[in-house]
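Right, one structure below, let's go through it.
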Amino acid sequence: MKKIINTIIETIIFICGILSIVFVVLIFGFLFKEGFAFFKDYNVIKFIMGQFWYPDSNPALFGILPIVIGSILVTFGACLIVVPIGIMDALYISEIAPKGIRDVLKSSVELMAAIPSVVIGFVGMVTLVPFVKNLFDIPTGLTAFSGSITLAFMAMPTIVTISEDAIRSVPWQYKEGALALGATKWQTIRRIVLKTARPGIIAAVMLGIGRVVGETMAVMMITGNSAHIPNSIFEPVRTMTATIAAEMGETVRGDMHYKALFAIGLVLFVITFIVNFIADLFLGKNKNK
């Protein structure tokens, strides 16, 4: 009886694994089908390098360069904020904090991931946007900088949790050996712990970037939704995800605007797939070590 139950469970797990792959392939196939139809009527270079997104003009212009730059600017700004803070948090939780404080901090960080993005976006609009506007004396606080801070907050749990797991997986013999040779605690952390856990930390950063790139609601509420090439991070921008979310409900199924949004989705899917693939490579390398 026990053998039959184990066989059934293994079969269910196998089917679930196969279905997850099938769903990803179907999603990519659907995006490719709808997005590729757009490139039959619109030049791909003009689409990627075009500086104007005017889908309702005559003739319509579908240049996503400002949208791509906006996504990169927000993502890069968020990474500059969250990567050093997230790694330092993970180091403190795993190597420095007392056990009682460690458990509280780890639980608090993990609970941050449960906050809905629309709630974070609403709080950012009410508190962060006016603060940024007054602090830098700019016309509006709906900027790429505000979006970067918000997305950094949202990516924090991913980076801290995975980095902390990678740091704690470093064998204790490595640390004891370094301390026995006369290394200080900081030297042990910097030269032994961080180097050994580097693949897992890099994987955490890559997964955090994937979280930032794919975020929609919060970034749509805070970045200003202006599809132009910004001169600085203190100007409104629009991201690829925000463009799809804001305009998909206004399009006619099957027209050029509809297909252009799927083309953006195809570009975004490829970017996030590459980021997650690289993260999986580093995770696999870390497990092998």
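Among what's in segment 145-160 and is under 24 Å from ASN276 (Cα atoms) and among the small types (Gly, Ala, Ser), pick the residue that is surrounded by the most Cβ atoms within 10 Å (Cβ to Cβ).
Across segment 145-160, the extreme among qualifying residues is GLY147.
Return yes when ILE101 is outside any helix (DSSP H, G or I) and either surrounded by fewer than 21 Cβ atoms within 10 Å (Cβ to Cβ) or touching a Leu at 6+ places or on another chain (Cβ under 6 Å) (or both) and no when it is not.
No: the conditions fail for ILE101.
Can you tell me which residue in segment 104-142 is nearest to GLY208 (Cα to Cα), limited to those that are surrounded by 16 or more Cβ atoms within 10 Å (Cβ to Cβ) and not hydrophobic (A, V, I, L, M, F, W, C)?
SER117
Mind telling me which of the residues LYS3, LYS46 ends up being part of a helix (DSSP H, G or I) and exposed (fewer than 10 other Cβ atoms within 10 Å of the Cβ)?
None of the others qualify; the one that does is LYS3.
Let me spell it out: the conditions are (1) crowded, with 20+ Cβ neighbours inside 10 Å; (2) within 20 Å of ILE87 (Cα to Cα), and TRP186 meets all of them except one. Which number is the exception?
Against the list (1) crowded, with 20+ Cβ neighbours inside 10 Å; (2) within 20 Å of ILE87 (Cα to Cα), TRP186 comes up short only on (1).
So which of LEU73, LEU142 ends up being hydrophobic (A, V, I, L, M, F, W, C), touching a residue at least 24 places away in the same chain (Cβ under 8 Å) and part of a loop (DSSP other than H, G, I, E, B)?
LEU142
Out of all the residues in segment 1-28, which are at pLDDT below 85 and either in contact with a Cys (Cβ under 6 Å, 6 or more places away or on another chain) or not polar (S, T, N, Q) (or both)?
The answer is MET1, LYS2, LYS3, ILE4, ILE5, VAL24, ILE27, PHE28.
For segment 218-230, state whether one or more residues are assigned by TED's automatic domain parsing to the domain that holds ILE85, closer than 26 Å to GLY86 by Cβ, surrounded by fewer than 17 Cβ atoms within 10 Å (Cβ to Cβ) and not aliphatic (A, V, I, L, M).
Checking segment 218-230: not a single residue is assigned by TED's automatic domain parsing to the domain that holds ILE85, closer than 26 Å to GLY86 by Cβ, surrounded by fewer than 17 Cβ atoms within 10 Å (Cβ to Cβ) and not aliphatic (A, V, I, L, M).
Condition check ((1) outside the structural domain of ARG253 (by TED's automatic domain parsing); (2) in contact with a Lys or Arg (Cβ under 9 Å, 6 or more places away or on another chain); (3) at negative phi) across all residues:
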site	(1), (2), (3)
ILE12	yes, no, yes
TRP53	no, yes, yes
VAL68	no, no, yes
THR75	no, no, yes
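Between residues in segment 181-202 that are in contact (Cβ under 8 Å) with a residue 40 or more places away in the chain and farther than 9 Å from ALA166 by Cβ and residues that are β-branched (Val, Ile, Thr) and not in a helix (DSSP H, G or I), which pairs lie under 7 Å by C-beta distance while being six or more apart or on different chains?
VAL193/VAL170
If you check SER163 against the conditions, is it surrounded by 24 or more Cβ atoms within 10 Å (Cβ to Cβ), of a type in the set (S, T, N, Q) and either in the same structural domain as ALA144 (by TED's automatic domain parsing) or modelled with pLDDT of 85 or more (or both)?
Yes: the conditions hold for SER163.
Determine, yes or no, whether ARG238 is crowded, with 24+ Cβ neighbours inside 10 Å, over 13 Å from SER146 (Cβ atoms), basic (Lys, Arg) and over 9 Å from the mean Cα position of the chain (by Cα).
Criteria met by ARG238.
The values are calculated or read from the model by the stated rules, or taken from the named source; none is laboratory data. Owing to the predicted nature of the structure, the values given are computational and were not obtained by experimental measurement. Counting neighbours? That spans all protein chains shown, and the Cβs are built from the backbone with ideal geometry, glycine included.
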